[in-house]
Structures are given as structure tokens and as C-alpha cells.
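What follows is a short report on a single structure.
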Amino acid sequence: MEFPEKRQRSDSLEDQPSDENTALLNSRGSSRYNHANEDLPKKNSFFVENLEYTPEEEKQVLRIIDRRLMPCILLTTFVLNMDRTNNSNAISDNLPFDLGFDIDVVNIATAMHSVFFAIACLTGSIIAKIVGPHKWIPTLMFSWGLVTLAHVLITDKSGYLTVIAFTEGGVIPTTLVYLGGFYKSTELATRLAWFWGVQHVASAVSGLMASGLLKLRGLAGLEGWKWLFLVDGIITVVVALGTWFYLPRDLTRTKGGLRGRSSWLTYRQTQIAITRVIRDDISKKSYEKTVQWSDIKDTLTDVGILGHLVITMIGQTPNTPMHTYLPTVIKSFNFNVSVANALTAPPYLLQGISMVLVIQHSDKVRERGYHGAFGAGWQLAGWIFLRSLPDSAGRGIKYLAAVIVASWPSTHPLNIAWMSENTGSIGKRTVASGLVIGASNIYGVWGSQIYRADDAPYFKRGNLINIGFAGTAFLLWFIQKGLYQYRNARNAAKLRALSEADLAREEELRVSKGNTSPLFKFTT
């Protein structure tokens, strides 16, 4: 069988008469690149509507993207979460005492961080569409690396309340927008599971690093926790510089810089890579389109998206006290500070593994709601177990309870992937990505107040509150699934009532109407 693209003079991008930054065949069929059209969606030049390829060819393309792109993405999120986790490690090293305050001030700082982080999330993905995610990600990384280093200069409460949120906040929504241009919806959830799974590995590594670095207390006149911020900051700045020269703008521009002198994909592979993504979601034909005001309005009035935001804020709330005080809680089981930080590694690693396994199975069977309820149910059971233990329980059983709570298969990447595949348009998806990451941090405003100084060290009142949030989240997953099932049934009824002419009209409007079209099929 002869493929359309075989009429090209070469199968390699770099062998074409123009460089990799030019689109060889624009949507009108012209072979001449027009520099005045920089804002056009150049990816469409490689979209071939009737392109045929084998499953093995598609798998090979996917393997190349996974091998060349994902390690760098995973490294960025590894560094991000390592920096975010070091605050809890620092608290276990008596940071509040060194600076002259108690954990209630830590809670205020956590709340402030959550607010500013959420604000940055709302704008991060939108700015990324303007400047390009491949440049915005390393720019933000470099900025938060400098702020992490600045923590070494903290000497009092005012310095501590200087937060890192504005530089960190935009990274995750930017990354979500970025990955959408490389992967199909049936592949994104698993890649997001890797993304958040590596964050848990980073938390584990941060705990192990802290167990060693905190022992440097007194060296060069610095507290142990300042050494922790210093080392993490240096690592972040170095990685940011490397990322700037490595991340490609898109699938058509993958050579140069640290990426190498050759493109990642041949010309045919580039066509396959882009065509398969657009076939999966036709709205990605205009993936480089910037956000319009109508996209923001449509996003804020979409009941499905609002449901995902509520699931995020409720279901993730218990994470704030757990992640902020996990080393401190373990330390209260009569472990020293070094051992307590090292013992945070197993639950974080287990959570990464359990999360990836659950989400991979969700991708395999194409089901979301029940898998999310399973994760929320695990968390609920863990909090009940921890809350039910008597004060006299041995430290081994207390640690086991903490491990069960902290190792629950986080539903956050599953929730994001579910929301993303049900948005129906690039503009709404971009806005929703910022909103959901903002929602996944704004809960820190109230979550930071769950563990209070007068409830220490066992936090019985706080754990009872956590049970309430986890139980509510468990129910919300079933409600969200029921909502999408209802919307699918309603769309099916609408289609049955359409005439042939009306159906043809709906086909024409399918892309512009997105998930409001009766032709849209929601994933449940």
C-alpha cells in the first residue's frame, strides 16, 4: 500500500530543503514557509487525514516520545517536589524553634503558600500558551531555585513567611498543557501517574537526603535545615538550565541544543505522531491557539469541570497535614529526627507504586469513577485506622497506620486526566488545567488548620476531620460518574430525535461546540 507521504523527497525531517522549524506542507498545500505566519498552528502541516499506519509503527513513535521527552519532564517534577517536601523535613529539624515561633505560624505560612500557589496556577497555563511551555517551565524552575537558595538567609518569622508559591505555581498546569500535544487521551492518565509517581519518589529521596543533610547543623554556622535548602536550590538551578536547552517546542522541532543534532522522529513518524493525537481529539488541530474569554466563561459554567474541582479540593485536603507534618508525626512515635525523616521514604514510594498501578488499570479498562472511589476509600480506611489507635499503642503499629494513610493511591492524576478528556476543546482544557492545579493547592488554606498546636502530638481532633473529608471524597467519585452517565444518556436521546439534516449540521459544529455537542461521548 502506498502512503501519501511517500511522495516526499525524504523520510527524514532534517533532509528536507528547509530546516526543522519550517512546516513543509501547510494546510493549503504550499511548500513555501511564510515567516509572517508564525502564529499559525504549524503542527497541522503534518496532519494527514487519511494517513494509514500500523499499530507497531504507532507503538514505536510512542516509545520514542516516552524515551526522549518523559525523562526530562519527570526530572522537572522530581526537583519541584523535592523542593516542596524539604519544608516538612526542615520543620522536623526544629525550624520553628530556631526562628522563634510554633506550628501555628507554620500553618499560616502554609495557607499563604496555598493562596499564592493557586493564583499562579490560574495564570500559568494561559501564559504558557503565549510564551511556549518549553520555555516557561525552565524559567519558573530557575526562579524557584533562586527562591529556595534564598531560604538560607531566613532569620525570623517575617523571612519564613516569604513564600515560594509564585514561581512554583505555574509549572504543573503548564506541563499538563505541554503533554497534551504529545499524547492521546488514552495515554495521558498513565503518563500523569508517572508524573505524580515521581513526585512521591522525590518526597522519599528528600526524606533520605534530609536524614543526612540535617546532621550538618553547625557546619559553617548554618542550621541543618538551611543546608537542606542550599543543596536543593543548587540542584534546581542546574536542572533548570539543562531543561531550557532540552525541551522541544513541539513534535516538529526536536533537534538542536541538548536534544542532539538529529530529530527524534523521521518525517513519517512525525506525521504519525501528530495525526494520531488529532484523530484522538480533533480540537488539537488548533493546539497552539491561545485562550479566549469565551473559553474562561465556558469552563466556569461547565458542571462537569466544577465537579472535578470539588473532588480535588475535598479529596486532597488531608494531604496538607499529612505532608506537612509526616516526619514530625513519625518523630512523635519516639524516633529521632534522622530516623523519622528516613522513615518517610517507604510510604511515599508505596504511594507512587499503588497510584501508577491503579491508574494504569483505569487506562486499560477505560473506567474512571470506580477507580477514583477505590483510592479515596483506601485513604478513608487509613485515617480511621490511625484515629482508632490508643495512645499506648506501640510505635510499630502507629508507624504502620501512618504508612497505610500516606501510601493511598492518590487520585489526583486520575481526576485530572478524567477532566481533560471530558472538556472537549483546547481553550477549556487550558483554563481547566490551571483551575484544577489551583484547586489542588487552595485547599491548603483550610487544610493547614487541621493540625493545631493544642492538638499535638497525636492530633486526634485533626484526624477525625480528615476522616470527614476522605469520606466525602469517596462519595463524590460516585456522584461524578453518575453525572457523566446522565449526560451521555441525555445526548443519546437528543441524537435519536435529530433528523438527517440536523445530524449533519451537528457534525459540522462538533469541534466548535466541544463537550456541549450531543455527539460528544463522556468517559465515565
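Quick look at the values:
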read-out	value
Leading residue by the ranking (least open to solvent (accessible area, probe 1.4 Å)) among those in region 308-351 that are among the aromatic types (Phe, Trp, Tyr) and in a loop (DSSP other than H, G, I, E, B)	333
Test for residue 429: is it within 22 Å of residue 333 (Cα to Cα), basic (Lys, Arg) and open to solvent by 20 Å² or more (accessible area, probe 1.4 Å)	no
Residue in region 91-121 that is farthest from residue 178 (Cα to Cα), counting only those that are open to solvent by 60 Å² or more (accessible area, probe 1.4 Å) and not in a helix (DSSP H, G or I)	100
Residue selected from region 52-86 under the condition in a helix (DSSP H, G or I) and polar (S, T, N, Q), by the criterion surrounded by the fewest Cβ atoms within 10 Å (Cβ to Cβ)	60
Checking residue 504 against (1) open to solvent by 60 Å² or more (accessible area, probe 1.4 Å); (2) more than 14 Å from residue 424 (Cα to Cα), the condition it does not meet	(1)
One residue from 139, 167 being at pLDDT below 85, under 21 Å from residue 438 (Cβ atoms) and in a helix (DSSP H, G or I)	167
Which numbered condition residue 465 misses (of (1) of a type outside the set (Gly, Ala, Ser); (2) open to solvent by 10 Å² or more (accessible area, probe 1.4 Å); (3) part of a loop (DSSP other than H, G, I, E, B); (4) within 30 Å of residue 120 (Cβ to Cβ))	(3)
Matching option when the condition is surrounded by fewer than 20 Cβ atoms within 10 Å (Cβ to Cβ) and among the basic types (Lys, Arg), among 217, 191	217
Meets criteria (open to solvent by 40 Å² or more (accessible area, probe 1.4 Å), among the polar types (S, T, N, Q), more than 19 Å from residue 88 (Cα to Cα) and touching a residue at least 40 places away in the same chain (Cβ under 8 Å)) for residue 301	no
Wholly enclosed helices (runs of 4 or more DSSP H) of region 366-426 bearing at least 3 residues more than 29 Å from residue 515 (Cα to Cα) and in contact with a helix residue (DSSP H, G or I) (Cβ under 8 Å, 6 or more places away or on another chain)	369-388, 395-406
Criterion: open to solvent by less than 40 Å² (accessible area, probe 1.4 Å), at pLDDT below 85, assigned to a helix (DSSP H, G or I) and closer than 30 Å to residue 354 by Cα - qualifying residue of 124, 159	124
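Okay, residues lined up against (1) over 17 Å from the mean Cα position of the chain (by Cα); (2) within 22 Å of residue 74 (Cβ to Cβ); (3) in contact (Cβ under 8 Å) with a residue 40 or more places away in the chain:
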residue	(1), (2), (3)
379	yes, no, yes
389	yes, no, no
437	no, yes, yes
448	yes, no, yes
452	yes, no, yes
457	yes, no, yes
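The values are calculated or read from the model by the stated rules, or taken from the named source; none is laboratory data. Computed from a prediction, not measured in an experiment: that's the story for all the values here. Heads up, the Cβs are rebuilt from the backbone with ideal geometry, glycines too, and the neighbour counts pull from every protein chain shown. For the accessible areas, the whole protein counts, side chains as well, though only heavy atoms, and no ligand, DNA or RNA atoms are used. Shrake-Rupley method; radii C 1.70, N 1.55, O 1.52, S 1.80 Å.
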